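Shown next, in structure tokens, is the structure this report addresses.
The values are calculated or read from the model by the stated rules, or taken from the named source; none is laboratory data. Just so we're clear, the structure is a prediction, and the values are computed from it rather than from any experiment. Backbone-built Cβ (ideal geometry, glycine too); neighbour counts: all protein chains shown. Only protein heavy atoms, including side chains, enter the accessible area calculation; ligands, DNA and RNA are left aside. Shrake-Rupley method; radii C 1.70, N 1.55, O 1.52, S 1.80 Å.
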Amino acid sequence: MAAGADKTDQAGAGSFYLQKFKLFQTRSKFYMIGWDKSKIIWRVLSIDRQETSELNIREDPTIYSSNECKELLTRIDEGNRSSGGLKIVTECYGIVGFVKFLGPYYMLLITKRRKIGTICGHTVYGIAESKMIAITNCSMLSKNENRYKKLLCMVDLTKDFFFSYSYNIMCSLQKNLCDNESEHILYETMFVWNEFLTRGIRNRLKSMMWTVALVYGFFKQVKLSISEKEFMFTLIARRSRHYAGTRYLKRGVNEKGRVANEVETEQIVFDANAKPGTIEISSVVQIRGSIPLFWSQDSSWLNMKPSIILHKNQKYEATRLHFDNLVKRYGNPIVIFNLIKTYERRPRESILRAEFARAIDFINKDLPAENYLRFLHWDLSGHSQRAKNVLELLLLLVSDALNLTGFFYCQVPSSVKLSGALSLASLLSDNKIKPLINDPKNNNDCVVSGDGSHKGNSKSEFLPMDMSFGNVDQNCFAAKPPILQKGVLRTNCIDCLDRTNVAQYVYGLAALSQQLHLLGLIDAPAIDFDSPLSDDVMDIYEKMGDTLAFQYGGSAAHNKIFCERRGQWKAATQSQEFFRTVQRYYSNTYMDPMKQDAINVFLGYFQPQEGKPALWELNSDQHYNIGRRGPSIANEKARSFKRSLSEGNILGEDDTSGENEASSSTSNLGEENSQKVHTSVNAKGLSESTPEIPTCERDLSYSRYMPLMPRRHLLAEGEPGYFHQLRFLESSSSNFLDLDRISSSGILARRSL
């Protein structure tokens, strides 16, 4: 009786997770038996095999022991002897979900797993093998049914999917500690790729113990060292399921503000040899995503660089929705690092650069100064051609962004696992973590700034005071209070693959130096680019970049800068880059349409119906309300198009443009690419260096450092008026960085000849 009570207490407290399963079948039902790691809790699930139109599934509320479960299976076997008895089907490690095409329901199972890492004592797994099992007995399947099955199987669960039974791997470490979301809500987050597949069982059982939440992207955990001190380095990339797809079939933003190729990257660091007691752990989050405008490219076997089609909508509703969502997820500030080209002989990327700048300027007009979208345009391709020290240049730029957002740091008792409802608030209320409380009565309080330094008697910029910490003993203070990351760095290029990955590596390295310094593993927050640790981190980010590039672009990433950094032979690098270009071109042209169809079926964006056209009979995924480019296909003819100087790049104007400002002319687009960067000055005549966040007023003056040239060449019409002047390069602009200070540092003057 006491044992039964213990089992009930454990189940009720949510302290157990089913981790292993066995699937049995009779002629009329499937029976799945699941048990926890300690083999104390045993549960039973039954699935009706005779119902074809609906998923009829039932969870036995009884909590069994191992012997009780065996007795139950024996009784089921004896009761079904006349129809063949009870037979084992397979052992498995969780249900991926259920799916129905035109025939029966199918159950997707994980039949083999592999351990790929551990976070705060919670194991993270990859999928080694999976299996699809039909619920009902169907000897004959239609041709279309088999085709849909093959299409779904194109999404290879053994590549780049990962999960954890007890850790919310779909969330960052900070969210795991600070938020207290229910499991059902967590399944509906943007990074759970089997949300649609598990929707049926979750809605029927109101339980998530039988399924696993799959995250798609990249996971790598390694042990690294610096100054003979070891630490665990974990890099996680979570790909969004919203507006997901392949390179040329998913570009820009949709009406809901979801962007293509959106990936959240988290870097987690903790001491590998921490003494028993308290573990210090730190994480930093950054994101990448397509330029949030309505634009697209149509792949063609005749053109390896397809035209960019920009649909101009100067109200920028979808762009605004996108940044509103980022603020909701990460808080302010949102720092935008735009790496696309400024000048081109035939404008392609630069068209988007100018329109993106207008969008930021338009949105910032409605925001208070403290919540401005922080914007930095920096032509990485141009700088890498002119300067050998491009990584050092990037480091200067991203360090300021890191100082704005900060990173997460916390001390966690080694005996505590961050599971279920456990949060930072509960740890603090139990005095397991001592927070910073800015009590005016206490003269010893201190804060930790973004650079890891301690400052006495001042309020922490990264620790919001409105956060609920529960009942905390305010007389207890830690030498290192928790630090919260506020805001996020958003990086993009055209594909958000190659150049973006270089910038994310540099940002990760800058954050790592701060993290290791705060953990006490290095004396100063600095890591030299020539150090072995820098090379190790670069290798990991390079692997992440290759993985994400294969998922979205069909080939490994172009890693020219990384190859040059490690001294690879130039001819070998050129050969490698050419091969990857051809591989990406082939994949985008011939393989991506079918790959996109597979993704849409897996995510539930297309659901087959009898009497309706099959997926492969449709021209594009616009036909089933994916929202690829904003306006519906019916409005395509209502657009008017202009050809730009690129002889193929198209600007599409909204048919409601009469309500908006007039679009820039073709000639203006050309001028924007030959523009010189200007100084933002307000009506009072303040210089560009006066406000850290300049106003959006349009009055302009030009520095004596600018070349003498007509105004129409210096500043294109409609160009935002808040950019700081850059005296060292004309391809960079920002509304928050003191670029003159960076210029005066001298590093930007060193160019390759």
Looking at 245, 217, which one is in the same structural domain as residue 169 (by the TED database), in a loop (DSSP other than H, G, I, E, B) and not hydrophobic (A, V, I, L, M, F, W, C)?
-> 245
Looking at (1) without any contact (Cβ under 8 Å) to a residue 60 or more places away in the chain; (2) open to solvent by 10 Å² or more (accessible area, probe 1.4 Å); (3) polar (S, T, N, Q), find the lone condition where residue 297 falls short.
-> (2)
Scanning the stretch 327-354 residue by residue, the ones that are among the β-branched types (Val, Ile, Thr) and either without any contact (Cβ under 8 Å) to a residue 40 or more places away in the chain or surrounded by fewer than 21 Cβ atoms within 10 Å (Cβ to Cβ) (or both) total 1
Among the residues of the stretch 364-390 satisfying the criterion of being under 23 Å from the mean Cα position of the chain (by Cα) and aliphatic (A, V, I, L, M), which is farthest from residue 503 (Cα to Cα)?
-> 373
Report, by residue number, each residue of the stretch 84-140 that is out of contact with any Lys or Arg (no Cβ under 9 Å at 6 or more places or on another chain), closer than 30 Å to residue 411 by Cβ and open to solvent by 20 Å² or more (accessible area, probe 1.4 Å).
-> 115, 118
What number of residues within the stretch 101-117 satisfy the criterion of being under 29 Å from the mean Cα position of the chain (by Cα) and within 24 Å of residue 146 (Cα to Cα)?
-> 5
What's the number of the condition residue 155 fails, among (1) of a type in the set (Val, Ile, Thr); (2) open to solvent by 20 Å² or more (accessible area, probe 1.4 Å); (3) not in a loop (DSSP other than H, G, I, E, B)?
-> (3)
Residue 324 being within 30 Å of residue 483 (Cα to Cα), out of contact with any Leu (no Cβ under 7 Å at 6 or more places or on another chain) and open to solvent by 10 Å² or more (accessible area, probe 1.4 Å) = yes
Filter result (touching a Phe, Trp or Tyr at 6+ places or on another chain (Cβ under 7 Å) and crowded, with 19+ Cβ neighbours inside 10 Å) within the stretch 179-201 = 193, 195, 197, 198, 201
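Can you tell me which residue among 258, 288 is open to solvent by 40 Å² or more (accessible area, probe 1.4 Å), modelled with pLDDT of 95 or more and of a type in the set (D, E, K, R)?
One residue alone meets the criteria, 258.
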In the stretch 202-211, residue farthest from residue 172 (Cα to Cα) [restricted to those that are in contact with a strand residue (DSSP E or B) (Cβ under 6 Å, 6 or more places away or on another chain), open to solvent by 20 Å² or more (accessible area, probe 1.4 Å) and not charged (D, E, K, R)] | 205
Tell me the helices (runs of 4 or more DSSP H) entirely within the stretch 490-586 that contain at least 3 residues that are out of contact with any strand residue (DSSP E or B) (no Cβ under 8 Å at 6 or more places or on another chain), in contact (Cβ under 8 Å) with a residue 24 or more places away in the chain and crowded, with 23+ Cβ neighbours inside 10 Å.
-> 498-518, 532-553
